[in-house]
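J.: Structure incoming, see below.
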Amino acid sequence: MQVVIVDSPAEVGRVAAAKITQVIRRRNDAVLGLATGSSPLAIYAELARQVRQDGLDCSAVRAFALDEYVGLPAGHPESYRSVIQREVVAPLALTPAFVHVPDGTASDVAAACADYEQRIAEIGPVDIQILGIGANGHIGFNEPTSSFASRTRIKTLAPTTRADNARFFDSPDEVPTHCLTQGLGTILDAKRLVLVAQGEKKADAVAKMVEGPVSSMCPGSALQLHADATIVIDQAAASRLALIDYYRYTYDNLPEWQRFYTDGAY
Ligand code: GLP
């Protein structure tokens, strides 16, 4: 894991966006993995700025969302399909038909999940997957004790996750109890992972993810099993890392060429 500690939440977005831009500039039809939540918003804002000002062209980019609530009516402003349309598709000028979100309104949930895996298999692999992390260590909506081999499926949201996400809804009771989420196995199939976290509230989860045992009690610790995972965090989110000085030292002493992807895969 590469751990990059930066000074501000906005800088988290800029550094992570630079990694994504590099992939898109090398391959204009790159397959992007999209996360929702507040953490990646700074990434999308920076990518949108590059689309507006630097001529970044995302019109051929294909994208897969990590997860979706179950049972919200189509068009609900807090469905992840709506959020992704608002925060990503429109500002980055993605082609809507190239953007895939699990179908949380499907009557046959198992078939919807299998179909989503099939589409990822056909169009993917995902070139670069954006991730946030929940305060309880979840990635996507893979709550603690999710299998590291899991694929897209229905999950019950942890009460703490529902409480965390209540801020997006008019009342806490409106937060759905279930979701569809890519599994940890699905996420680990992406070629590259970039996880962002900001703020003290994430410091425990970040420490467990990076330095704790690989354990389903902290689903984010699955990233320790991935050969190309980068964690971009601010000082507050980094504050409980035991080896914080080592990560700073390592990054400060990286040759410039090593800060980005150099394997020619794109
Ligand atoms: C959400 C999403 C995750 C996200 C996490 C943290 O509910 N399903 O993909 O990473 O929980 O959210 P936030 O970034 O808002 O703290």
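J.: Would you be able to tell me the number of residues in region 246-257 that are of a type outside the set (S, T, N, Q) and surrounded by 10 or more Cβ atoms within 10 Å (Cβ to Cβ)? Don't jump to the end; show me each part of the working.
T.: Residues of region 246-257 that are of a type outside the set (S, T, N, Q), as a first pass: 246-249, 251-252, 254-257.
Checking which are surrounded by 10 or more Cβ atoms within 10 Å (Cβ to Cβ) leaves us with 246-249, 251, 254.
The total comes to 6.
J.: Out of (1) of a type outside the set (Gly, Ala, Ser); (2) surrounded by fewer than 23 Cβ atoms within 10 Å (Cβ to Cβ); (3) away from the ligand (no atom under 12 Å from the Cβ), the odd one out for Thr186 is which?
T.: (2)
J.: Ok, one more. State the number of residues belonging to region 114-140 that are within 15 Å of Met217 (Cα to Cα) and in contact with a strand residue (DSSP E or B) (Cβ under 7 Å, 6 or more places away or on another chain).
T.: Taking region 114-140 as the starting set, the residues that turn out to be within 15 Å of Met217 (Cα to Cα) are 133-140.
Keeping just the survivors that are in contact with a strand residue (DSSP E or B) (Cβ under 7 Å, 6 or more places away or on another chain) gives 133, 139-140.
Qualifying residue count for the region: 3.
J.: A follow-up question, please. With (1) over 23 Å from Thr177 (Cβ atoms); (2) of a type in the set (A, V, I, L, M); (3) within 16 Å of the ligand (Cβ to nearest atom) as the list, and Ala121 as the residue in question, which single condition is left unmet?
T.: If we test Ala121 against (1) over 23 Å from Thr177 (Cβ atoms); (2) of a type in the set (A, V, I, L, M); (3) within 16 Å of the ligand (Cβ to nearest atom), just (3) comes out false.
J.: Considering only residues of region 170-183 that are within 12 Å of the ligand (Cβ to nearest atom) and not in a strand (DSSP E or B), which is nearest to Leu241 (Cα to Cα)? Steps first, please.
T.: The first filter runs over region 170-183 and keeps only residues within 12 Å of the ligand (Cβ to nearest atom), leaving 175-176, 179-182.
Checking which are not in a strand (DSSP E or B) leaves us with 175-176, 182.
Values: Val175: 32, Pro176: 33, Gln182: 28 Å.
Only one residue fits best here, namely Gln182.
J.: Which residues, counting only those in region 38-58, are free of Cβ contacts under 8 Å to residues at least 40 places away in the same chain and closer than 21 Å to Pro125 by Cβ? Don't jump to the end; show me each part of the working.
T.: Restricting attention to region 38-58, the residues satisfying the condition of being free of Cβ contacts under 8 Å to residues at least 40 places away in the same chain are 46, 49-50, 52-58.
Within region 38-58, Cys58 is the sole residue that qualifies.
J.: Find the residue count for region 155-211, including only residues that are basic (Lys, Arg) and over 19 Å from the mean Cα position of the chain (by Cα).
T.: We begin by selecting, within region 155-211, every residue basic (Lys, Arg); these are 155, 162, 167, 191-192, 201-202, 208.
Now narrow it down to the ones that are over 19 Å from the mean Cα position of the chain (by Cα): 167.
The total comes to 1.
J.: Please verify whether Arg162 is surrounded by fewer than 24 Cβ atoms within 10 Å (Cβ to Cβ), more than 16 Å from Met209 (Cβ to Cβ), at pLDDT 95 or above and within 10 Å of the ligand (Cβ to nearest atom), treating the condition exactly as stated. Lay out the reasoning, then the answer.
T.: On the way: surrounded by fewer than 24 Cβ atoms within 10 Å (Cβ to Cβ): yes; more than 16 Å from Met209 (Cβ to Cβ): yes; at pLDDT 95 or above: yes; within 10 Å of the ligand (Cβ to nearest atom): yes.
Taking the combined requirement at face value, the residue satisfies it.
J.: Now a separate question. Is there any pair with a first residue in region 135-154 that is among the aromatic types (Phe, Trp, Tyr) and a second that is within 13 Å of the ligand (Cβ to nearest atom) and not in a loop (DSSP other than H, G, I, E, B) whose Cβ atoms are under 6 Å apart and which are 6 or more apart or on different chains, and what are they?
T.: Cβ pairs passing all conditions: Phe141/Asp67; Phe141/Lys155; Phe141/Cys179; Phe141/Thr181; Phe148/Leu184.
J.: Of Asp57, Asp127, Asp103, which residue is touching a helix residue (DSSP H, G or I) at 6+ places or on another chain (Cβ under 8 Å), surrounded by fewer than 22 Cβ atoms within 10 Å (Cβ to Cβ), more than 30 Å from Thr160 (Cα to Cα) and not hydroxyl-bearing (Ser, Thr, Tyr)?
T.: Asp57
J.: Which one of Ile154, Ile130 is within 12 Å of the ligand (Cβ to nearest atom), among the β-branched types (Val, Ile, Thr) and assigned to a strand (DSSP E or B)?
T.: Numbers: Ile154 fails: within 12 Å of the ligand (Cβ to nearest atom).
So the residue among Ile154, Ile130 that is within 12 Å of the ligand (Cβ to nearest atom), among the β-branched types (Val, Ile, Thr) and assigned to a strand (DSSP E or B) is Ile130.
To keep it simple, each residue is scored yes or no on (1) under 30 Å from Ile123 (Cα atoms); (2) within 14 Å of the ligand (Cβ to nearest atom); (3) part of a strand (DSSP E or B).
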{"position": "Lys208", "(1), (2), (3)": "no, no, no"}
{"position": "Thr230", "(1), (2), (3)": "yes, no, yes"}
{"position": "Ala236", "(1), (2), (3)": "no, yes, no"}
{"position": "Ala242", "(1), (2), (3)": "no, no, no"}
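J.: For a quick check of your reading of the model, give me the residue pairs whose first member lies in region 198-215 and is closer than 19 Å to Ala227 by Cβ, whose second is within 9 Å of the ligand (Cβ to nearest atom) and in a loop (DSSP other than H, G, I, E, B), with beta-carbon atoms closer than 8 Å and at least 6 apart or on different chains.
T.: Met209/Ile133
The values are calculated or read from the model by the stated rules, or taken from the named source; none is laboratory data. These numbers come from a predicted model, not from an experiment. Heads up, the Cβs are rebuilt from the backbone with ideal geometry, glycines too, and the neighbour counts pull from every protein chain shown.
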